[in-house]
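Step one of this worksheet: look at the structure below.
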Amino acid sequence: MSQATAVLPKERLNFRRTFLLGFGMFSISIASALYNAYVPLFLRHYLPSVALIGAIVAFRSLSGLILNLYFAARSDRTWTRLGRRMPYIVIGMPIAGLLFLMFPWQFGAIFLVVIDIVYAFSSNIFYAPTIALMPDVTPAPLRSQANGIINLLAGVGALLAFFGGPILYGVSRDLPFLVVGLLFFVIPALMRWGIREPADIPRSESVGLVHLWRAAVEVWRNADRTGVYLLLAIFFWTAGESSVDTFFVTYGVYHLHLTSGTAVITIGIFAVAYLLGAYPSGILSGKIGRRLTLQIGAFVLGIVFLAIPFVPSLLLLRAVAFVGGLGWALVNINGYPWVTDLTKTKMGAYTGLYILSTGLATVAAQPLIGLAMDHLGYQTLFYLSGLACLVALVLLFGTRSPQALAAK
């Protein structure tokens, strides 16, 4: 049964706590951006095969998905004097920080691959528990607003990595990795100091992935199909957006004949619009409801993607990309909080279901859309991505709003 979504007068967002949660995602976002930018280059120094490097990165992504699902569910069963999610954060982050410091050390291919594999494990100890901590400590009606702040800080972290990382790297190859390593020691200490988890949430009786499976069965067997339709909608809109995010620069360079820098700036405008819309999106959902907010976002995103192949100029393309970024903010900020509204005691397991939906969408859609682009043309990227977002819109009509579920 969902929690009510009407904000009670006494309910106010705890900004200090929310910003501490946001700084957790801020540090994760910086680390992810720097990893994607530099670690494949380090591997390429030792490994002549790009396919082998791709296999290593793919292994990390797949193992990350599995580990995230496990630790999301496992943290529901945990309770210590540190809390439910906090043990994974205060232990996992410093270990990952220490390993992150080692990436620039050039001790050979075996050393680098081993560090990468161990880092893949340690970095996924705390990722899902960090996400699940937000609904644990935030009242249901305020979760979209909190998620907007958290995603805003995560986006700022990514931008700092993209623009500040090369500057630090130019001073010393070790410097950006040193900064992230220190953040992974400082941030968990601040979170431990400033966040107290509620002790009145009962622990799960099942363990790990069994707990996740039972949550999935619970969603499937529920007479109300909101959970099923919502997770399917998340799958489709993630499939569309992640594919555009991956292939847009390729489309810009090989179809529009832009320089790579011009194409990156254009997709960067999409990201900037998303950041600008993140917090207002959470506020809007409090005014008109999450269901309607998601429907507007999915519609805008679908129409924008379908329109891009017909845009006649770069200036107009960037304007359309800006609108698309605002639509993505409406969707991405409010999907996860609604998933957490479906449960009162299994935040970790339902977080795992959300991660599973987004992870499977990325794994399944990008190879298929890439294949379609090879055989049917680059514009196919936007036709299929736009269609995926409109399918998500249709699926959302099968849901019932959190207010209706609460009333029931």
Open item on the list: Of everything in the range 219-266, what is surrounded by fewer than 22 Cβ atoms within 10 Å (Cβ to Cβ), in contact with a Lys or Arg (Cβ under 7 Å, 6 or more places away or on another chain) and in a helix (DSSP H, G or I)? Give them in sequence order.
Closed with: Thr266
- [ ] Only residues in the range 133-156 that are farther than 11 Å from Leu13 by Cα count as the first member; pair them with residues that are among the basic types (Lys, Arg) and part of a helix (DSSP H, G or I), Cβ under 7 angstrom, at least 6 apart or cross-chain, and list the lot.
- [x] Met134/Arg143; Pro135/Arg143
- [ ] Evaluate the following for Phe305: is it buried (at least 24 other Cβ atoms within 10 Å of the Cβ) and out of contact with any strand residue (DSSP E or B) (no Cβ under 7 Å at 6 or more places or on another chain)?
- [x] yes
Task: Index of the failed condition, Ala6 passing every other in (1) modelled with pLDDT of 85 or more; (2) part of a loop (DSSP other than H, G, I, E, B) - done: (1)
Open item on the list: Can you tell me how many residues within the range 180-195 are buried (at least 20 other Cβ atoms within 10 Å of the Cβ) and modelled with pLDDT of 90 or more?
Closed with: 7
- [ ] Go through (1) under 26 Å from Tyr279 (Cα atoms); (2) of a type outside the set (A, V, I, L, M); (3) surrounded by fewer than 24 Cβ atoms within 10 Å (Cβ to Cβ) one by one and return the number of the condition Tyr378 breaks.
- [x] (1)
TODO: Return the residue satisfying two criteria in turn: it lies in the range 91-125 and is in contact (Cβ under 8 Å) with a residue 60 or more places away in the chain and under 26 Å from Lys346 (Cα atoms), and of such residues it is surrounded by the fewest Cβ atoms within 10 Å (Cβ to Cβ).
DONE: Ala120
TODO: Considering only the range 290-408, give the helices (runs of 4 or more DSSP H) lying wholly within it that have at least 3 residues that are closer than 16 Å to Val228 by Cβ and either modelled with pLDDT of 85 or more or not hydrophobic (A, V, I, L, M, F, W, C) (or both).
DONE: 314-341, 347-376, 380-396
TODO: Return the pairs, sorted by first residue and then second, in which the second residue is aromatic (Phe, Trp, Tyr) and surrounded by 13 or more Cβ atoms within 10 Å (Cβ to Cβ), the first residue lies in the range 170-198 and is without any contact (Cβ under 8 Å) to a residue 60 or more places away in the chain, the beta carbons are less than 8 Å apart, and the residues are 6+ apart or on different chains.
DONE: Leu175/Tyr169
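The values are calculated or read from the model by the stated rules, or taken from the named source; none is laboratory data. All of these numbers come straight from a predicted model, not from anything done at the bench. Virtual Cβ from ideal backbone geometry, glycine too; neighbours counted across all protein chains shown.
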